Amino acid sequence: MNSMTGYGFKEAVIDSTQISVEIKSVNSRFLDLSVNIPSFLNPLEARIRKAVSEKIVRGKVDLTVRVRDSGDSATVTADPAAAKRYFDAIREIAKSIGKEDAEIPLSLIVSQEGVLNISRNYDAEAFWKKIEGILAEVLDQFTEDRQREGRNLEHDILEKLSVLDSCAAFFKEWQPEMEKRFRTQISEKFHELLADKADENRIMAETAAMIVKYTINEEIIRLQSHLQALRKEISENPVPGKKIDFICQEANREINTIGSKNQFIEIGEKVIEAKNALENIREQGKNIE
């Protein structure tokens, strides 16, 4: 089980090239991957995305690669014709406002677009060889961070699941007590109204009707089944987040039905306890991949 939040970072210098890779993530229903890389590394984006998606199933993930190449051999070329055209245009403006040609600084001319042109020939494959190992290390670090937090989430969920198991067991144990109390209540009412004329068969019929109306046996069976499914997902599914949310919805339906049929304080207290535990599991499930 992995958390959807995690962080990884590494910086290294390889053959005069300083490279840093950072990855961080928060919760998301699906994989939402944002890759931020220098434009000259755009040919590598598909490979970077593939490497990340092989490790991550869900989460809003931001990955940033920064590169500084101290061995950069940039080629700078000048366009004198463009420089002259800029100079003539600026001189015309200068004359119109009473300025002299000598007051036009060279820095103003060379700063204009197209006067100086810088070209770099980047070998994307060569950069990939430098980045690939660092990216793999950061992804491992990031995955370990998510696994560590995932273990904490799993521990908390299992604690809440134990509470739900206990509540379901209580509901089941209370079934005979509920039937006994229904019979006692109905018998007391009949004897209060009819005294010795109370019909035992009528009491039994009314008791049976009450049991049919308020029995929670089916809900208990379905609830326990959902709890078993929840444990199975947690133990066997490496990415159970979505399934946990679905199972919790189904379990919540059964608990609500038990609560709506309830006639006794003891059951009501356990319904509240079960709903609280289940809500905690649902909230934690939103953090799980």
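Only the coordinates and a few stated rules stand behind these numbers; no lab work does. From a predicted model like this one, the values you see are computed outputs, not experimental measurements. No Cβ is skipped: glycine too gets one built from the backbone with ideal geometry, and neighbour counts run over all protein chains shown.
From the helices alone, meaning DSSP H stretches of at least four residues, give me the mean residue ellipticity at 222 nm for the chain, per-run term -39500 (n - 2.57), in deg cm²/dmol to the nearest 500. Calculated at 222 nm, the ellipticity per residue is -21500 deg cm²/dmol. If you stretched the chain out fully between Lys95 and Ala126, how much longer would it get, using 0.36 nm times the residue separation minus the C-alpha to C-alpha distance? Fully extending the segment from Lys95 to Ala126 adds 5.9 nm. Of all the options Gly59, Gly114, Gly268, the one that moves most in a Gaussian network model of the chain with Cα springs shorter than 10 angstrom is Gly114. The calculated FRET efficiency for Val13 paired with Val110, based on their beta-carbon distance and R0 = 30 Å, is about 0.40. Based on Cβ point charges of +1 for Lys and Arg and -1 for Asp and Glu, what charge dipole magnitude is obtained for the stretch 75-119 about its Cα centre, in debye rounded to the nearest 20? Here the stretch 75-119 has a charge dipole of around 40 debye.
Helix by helix through the chain, keep the DSSP H runs that span 20 Å or more along the axis on Cα and average at least -0.5 on Kyte-Doolittle, and give those back in order. Can you show the working numbers first?
Working: long enough: 80-96 (24 Å, -0.39); 124-194 (98 Å, -0.66); 200-214 (21 Å, 0.10); 217-236 (28 Å, -0.78); 241-261 (31 Å, -0.69); 265-285 (30 Å, -0.55).
Length and hydropathy pass: 80-96, 200-214.
In percent, rounded to a whole number, the relative contact order of the chain is 23, using alpha-carbon pairs under 8 Å and six or more apart.
Step through the table entries Lys50/Lys160; Lys129/Lys242; Lys24/Lys232, compare each Cα-Cα distance with 31 Å, and write down the pairs that go over it. Before the final figure, lay out each step's value.
Numbers: Lys50/Lys160 37 Å; Lys129/Lys242 37 Å; Lys24/Lys232 29 Å.
Those over the limit are Lys50/Lys160; Lys129/Lys242.
Annotation for the stretch 1-91: chymotrypsin sites (Phe, Trp or Tyr not before Pro) lying in DSSP loop with at most 13 further Cβ atoms inside 10 Å of their Cβ are Phe30. Using the Karplus relation 6.51 cos²θ - 1.76 cosθ + 1.60 with θ = phi - 60°, the per-residue 3J(HN,Hα) values for the stretch 62-68 come to 10, 10, 10, 10, 10, 9, 10 Hz, with x marking Gly and Pro. Estimated from the Cβ-Cβ distance and a Förster radius of 25 angstrom, the FRET efficiency linking Lys172 and Asn152 is about 0.20.
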